[in-house]
Amino acid sequence: MNNTSLNFLTTLFLAILFSLFMPWWSVMLAAFLAGLIFSVKGVSIFLVPFSAIFLFWMVYAFLLSNDNDFILAKKIAVLLPLGGNAYVLILVTAFIGGIASGVAGIFGKQCKLLIENK
């Protein structure tokens, strides 16, 4: 397996593990650690953790909302300018989590480069 696949799987596994006992920002810690361990090049530094957490949060939010027939998600979607669409809320949630983890992945890569240069 190449570093891109390992980074994706590590980010996904750590995010699932950390989400069991830590708050929402644990996905950023997972992306940071994966970026620190498995470095990727180019735009993949951002896109790999972004896609891993986007997928994780989209599936996780759907499963949580599906259990209660999207009642809370629809109410939150009414508060936001989403027209009461729970599915759009799930996509927005996944996108925000993806951006946060993508930035954390870049930070992990930069910290690795800083450590290697000293």
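The values are calculated or read from the model by the stated rules, or taken from the named source; none is laboratory data. Remember, predicted model here, so these are calculated numbers, not experimental data. Note that we place each Cβ from the backbone using ideal geometry, even for glycine, and neighbour counts take in every protein chain shown.
Check whether at least one residue in the stretch 64-81 is among the β-branched types (V, I, T), closer than 18 Å to C111 by Cα and in contact with a helix residue (DSSP H, G or I) (Cβ under 7 Å, 6 or more places away or on another chain), and report yes or no. Scanning the stretch 64-81 turns up no residue that is among the β-branched types (V, I, T), closer than 18 Å to C111 by Cα and in contact with a helix residue (DSSP H, G or I) (Cβ under 7 Å, 6 or more places away or on another chain).
Candidates in the stretch 42-59 are the residues that are surrounded by fewer than 20 Cβ atoms within 10 Å (Cβ to Cβ) and modelled with pLDDT under 95; of these, the one that is nearest to the chain's Cα centre (by Cα) is S44. Within the stretch 31-41, not a single residue is under 11 Å from the mean Cα position of the chain (by Cα), under 23 Å from I115 (Cβ atoms) and polar (S, T, N, Q). Could you check the stretch 88-116 and list, in sequence order, the residues that are aliphatic (A, V, I, L, M) and surrounded by fewer than 20 Cβ atoms within 10 Å (Cβ to Cβ)? Listed by number, the residues that qualify are V88, L91, V92, I96, I99, A100, V103, I106, L113, L114, I115.
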